Amino acid sequence: MIHKMEKWAANSHFSGTVLLTDQNRNTIWNAAFGYSNRADRIPNQADTRFGIASGCKLFTAIAVCQLIEQGKLSLDSKLSECLDIRLPHVSPEITVFHLLSHTSGIPDYFDEEVMDDFEDLWKAVPMYTLRSGRDFLPLFQNEPMKFQPGERFHYNNAGFVMLGLIVEQHAGLSFRDYVQQFVFEPCGMNDSGYFPLDRLPANTAYGYIDEEDGTWRTNQYAIPIQGYADGGAYVTAPDMAKLWRGLLSNTLLSASMTEQLLAAHSHDPDSDLKYGLGVWITEKNGNVYKYHVMGYDPGVNFRSAYYPDTGHTLVVASNASDGAFEMMQTIEEALFN
């Protein structure tokens, strides 16, 4: 099995790291490929930090659910009641639940139904200005609703920006500090964080965009300079495995709240995927096959999953724009077929 996966990684020029563990936390496969710094030919390592784009929406959902358990919010809290920021065209009926489940209808700053190129965003608003949650507001706050709350599922980054602002208002901390203290630290995720692109710490992979002519460039001018509640954290593969353990052992949330987070609340009409609160759900034969998160940005590709039937945890992080999905698929075929 491992030989097959190593061969695929070599043939596809995969750049990143992979960690597969069993139900007893024993490592089945932990490998790294490619370079964290191509110019200096510094190899990726098993403990290299990688950007994970939207893979960290789960962190945001956990933070919000913690505040719900503290009685500071509820899933039924309306956006107009729990956040002092007003969006003039947004429905007053939007709730925290709608935001967490991508059913709010709130206007998005990168709408995949009307935009193809993420980098087009920075023509009007330079990416280096996006250092706080409020910095994202001009990208969407004056746009009309896409649909009425609860009407349907539509994956939405701006909704998670609003959730980050809600966390800040009710926790009295910046979103990033809250996640660091109450999500990362309880799990022992000592190497993860929301690092700015212009101050990346040691042992962090640069994200690379491969051009059609065979050249490449880093993603320094292609994504927001610092990640927020909708995406952009950096993690190591071992840290992400710790996150799954912390969530599933009820270290981060109570058993009942964890069950709510992992329950299917909405359905993506463009796929067979269901969505909980910050987490995707794939079912087979009516049962949950995996809980998973994914992230795509220019120069970032990430997948991670927990498989409840077998107890396996998988983390695939890439510092290129593709490869993680294919690696995950190759591992699943080798492991479960």
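No lab work stands behind these numbers, since they all come straight from the coordinates. None of these values were measured; they are calculated from a predicted model. Cβ sites come from the backbone with ideal geometry, for glycine too, and all protein chains shown count toward neighbours.
Using the Cβ atoms and a cut-off under 15 Å, what net charge is assigned to the surroundings of THR282, where Lys and Arg are +1 and Asp and Glu are -1?
Values: positive: LYS274, LYS284, LYS290, ARG303; negative: ASP268, ASP270, ASP272, GLU283, ASP309, GLU332, GLU333.
It works out to a net charge of -3.
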* Spherically averaged projected area of the chain from its Cα convex hull (nm²) -> 16.4
* Quick one: what are the phi-derived ³J(HN,Hα) couplings along segment 274-286, Karplus 6.51/-1.76/1.60 with θ = phi - 60°, whole Hz, x for glycine and proline? => 10, 9, x, 10, x, 9, 7, 9, 10, 10, 9, 6, x
* Could you state the orientation-averaged shadow area of the convex hull built on the Cα atoms of segment 180-280, in nm² to one decimal? => 8.9
* To do: Would you please name the GluC sites (Glu not before Pro) within segment 37-131 that are DSSP coil residues with at most 15 other C-beta atoms within 10 Å of their C-beta?
  => GLU93, GLU112, GLU113
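Quick one: net charge of HIS312's neighbours, Cβ under 10 Å, K/R +1, D/E -1?
On the way: positive: LYS290; negative: ASP22, ASP309, GLU332.
My count for the surroundings of HIS312 gives -2.
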* Can you tell me the relative contact order of segment 268-337? Whole percent, Cα pairs under 8 Å, sequence separation 6 or more. => 19
* To do: Express the relative contact order of segment 36-188 as a whole percentage, based on alpha carbon pairs under 8 Å and six or more residues apart in sequence.
  => 29
* Structure fact -> Nearest 10, in degrees from 0 to 90: the angle of helix 2-12 to the longest Cα principal axis of the chain is 80
* To do: Rounded to the nearest 10 degrees, what's the angle between the helix 57-69 long axis and the longest principal axis of the chain, both from Cα atoms, 0 to 90?
  => 50
* To do: Please say if segment 4-128 is rounded, prolate or oblate, where rounded means a/c under 1.5 for a ≥ b ≥ c the square roots of the C-alpha gyration tensor eigenvalues, and otherwise the choice is prolate for a/b larger than b/c and oblate otherwise?
  => oblate
* **Residue-count net charge about VAL64 - beta-carbon cut-off 15 Å; Lys, Arg +1, Asp, Glu -1** => -1
* **Nearest 10 degrees, 0 to 90: helix 324-336 Cα axis against the chain principal axis** => 70
* **Percent RCO, i.e. relative contact order, over segment 213-292, from Cα pairs under 8 Å lying at least 6 residues apart** => 13
* Which whole-Hz ³J(HN,Hα) couplings does segment 137-154 yield from phi under the Karplus relation 6.51 cos²θ - 1.76 cosθ + 1.60, θ = phi - 60°, glycine and proline marked x? -> 4, x, 6, 8, 5, 9, 8, x, 4, 7, 6, 6, x, x, 5, 6, 8, 8
* Structure fact -> A correct Karplus calculation of ³J(HN,Hα) over segment 298-307, with 6.51 cos²θ - 1.76 cosθ + 1.60, θ = phi - 60°, whole Hz and x for Gly and Pro, returns x, x, 9, 8, 9, 9, 8, 8, 10, 10
